[in-house]
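Shown next, in structure tokens, is the structure this report addresses.
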Amino acid sequence: MNSLGSLFKVSSLGESHGDVVGCVIEGCPAGFSLDFDKIQLQVNRRKTGKQSFSSARQEDDQIEIVSGVFEGKTLGSPICILIKNKDSKPTDYDHLKDVYRPGHADYSTQQKYGFRDYRGGGRSSIRITAPMVAAGEIALQLIQHYYQVSIIAYVSQIGSVRCETDYNHLNFSQIDNSIVRCPDEDTSNRMIELIDQVQQEGDTLGGKISCVIQQLPVGIGEPIFGKLQAQLAHAMMSINTAKGFEYGDGFASASMKGSESNDLFHKTTKGIETSSNHCGGILGGISNGMVIYFNIAFKPISSIQQEQTTLNTNQDEVKLKIKGRHDVCAVPRAVPIVEAYTAIVLADLLLQSKTNQL
């Protein structure tokens with residue numbers, strides 16, 4: 001599967017060290033004006049080489065929309081977005097041609113297809129997400145044409161360092177002022193210290209991204225197989241290195257009583273709301289008008305600078321020290337990816353909701 005969504009559908013194409021990476025958007029309505037500067041800005045947010053702990057690969061990531069748009073407006077036909085790979089160095093991976101890297105998809109891909117692109121992971125590379133971020137910004141602009149929905153993601157954990165401040169008390173305007181995209185200054189500084197330490201050890205770190213959706217209308221999502229949380233989980237778990245998803249109180253709900261977990265309804269000047277939000281803004285797979293919040297856990301990047309023991313394609317044991325340009329911690333770069341994939345899911349579900357009302 002290379003596509004996300006059904007009515008608003010985004011299909012991914014390209015490989016890490018191929019000529020281009022790109023995507024095709026189907027289902028975007030005609031006559032919709034695009035803000036190209038905002039699209040490029042979001043793509044720039046996920047670029048490599050912006051921090052000392054990120055990959056040294058230097059790509060300008062200039063988007064090129066080659067179809068589906070005329071005079072700044074969508075035509076209703078498929079929108080094709082391409083980004084050229086200009087700083088690819090496939091020779092960096094020649095020594096990996098016949099080796100299965102620990103923690104990577106080399107072995108499983110080889111067994112599935114009988115052949116694999118060993119240049120930086122091929123289709124399994126996070127490079128594939130660059131044009132998807134562009135598609136996500138188009139999805140967000142489409143959503144915000146009709147609704148005042150906001151989607152904000154931030155880094156809430158790196159390694160053992162956690163942001164303990166509730167999202168209600170964070171200043172989201174400070175997210176991009178932190179190189180680790182954590183809006184809490186003290187936590188951000190401790191995250192940076194930990195990254196510096198682990199970088200010196202030739203190792204890597206994972207972490208957690210939290211996402212907050214505000215002002216999504218009531219009634220988005222389906223009660224069985226199209227549950228809002230299931231659609232979000234599907235998209236988030238499609239991001240490279242994602243290992244876990246939870247919404248609302250998530251796994252903490254397992255240790256709660258029903259009397260503690262239930263959100264009580266009450267009447268306000270805005271209408272019906274709940275006094276708490278343990279459910280994370282979703283009941284029965286459908287948005288209830290409260291803030292939606294969820295977390296995604298990401299494992300550490302598997303390409304570490306330390307020597308490891310593995311096997312080659314002849315099943316011989318070999319020593320491996322991975323070369324090339326790799327992130328020490330890629331979690332901050334995944335923030336715009338989380339926002340983009342969330343927007344694609346919501347654009348698709350909002351279009352489905354409008355169709356159901358016809």
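Only the coordinates and a few stated rules stand behind these numbers; no lab work does. The structure presented is a predicted model; accordingly, all values stated were derived computationally and were not measured. Counting neighbours? That spans all protein chains shown, and the Cβs are built from the backbone with ideal geometry, glycine included.
Observations on the model:
- Amide H contacts for Ser125 (H built 1.01 Å from N in the peptide plane; partners 5 or more residues away or on another chain; cut-off under 5 Å): Ser16.
- Spatially proximal aspartates and glutamates relative to Lys97 (Cα-Cα < 12 Å; intrachain offsets below 8 disregarded): Asp106, Asp117
- Extension gain for Ser3 to Ser67 (0.36 nm times residue separation, less C-alpha to C-alpha distance): 21.2 nm.
- Residues Lys257 and Leu41, FRET efficiency given R0 of 51 Å [Cβ-Cβ distance, rounded to 0.05]: 0.65
- Inter-centroid distance (Cα atoms) of the stretch 327-355 relative to the stretch 254-312, Å: 15
- Average silhouette area of the chain, convex hull of alpha-carbon atoms, in square nanometres: 19.7
- Alpha-carbon centroids, the stretch 217-245 and the stretch 11-52: separation in whole Å: 22
- Backbone phi angles across the stretch 151-161, fed through the Karplus curve with coefficients 6.51, -1.76 and 1.60 (θ = phi - 60°), yield HN-Hα couplings of 10, 10, 10, 8, 7, 10, 7, 9, x, 8, 8 Hz in residue order; Gly and Pro are listed as x.
- Cα centroid separation, the stretch 111-141 to the stretch 153-192: 27 Å.
- 15 Å Cα-Cα reach of Lys319 towards aspartates and glutamates, excluding residues that sit fewer than 8 places from it in its own chain: Asp98, Glu307
- Residue-span extension gain [Glu307 to His169] - 0.36 nm each, minus C-alpha spacing: 45.4 nm
- By the rule of a C-alpha distance below 20 Å, with chain neighbours fewer than 8 residues away ignored, the lysines paired with Lys73 are Lys9, Lys38.
- The helix-only estimate of mean residue ellipticity at 222 nm for the chain, built from DSSP H runs of length n ≥ 4 each weighted as -39500 (n - 2.57), is -7500 deg cm²/dmol after division by the residue total.
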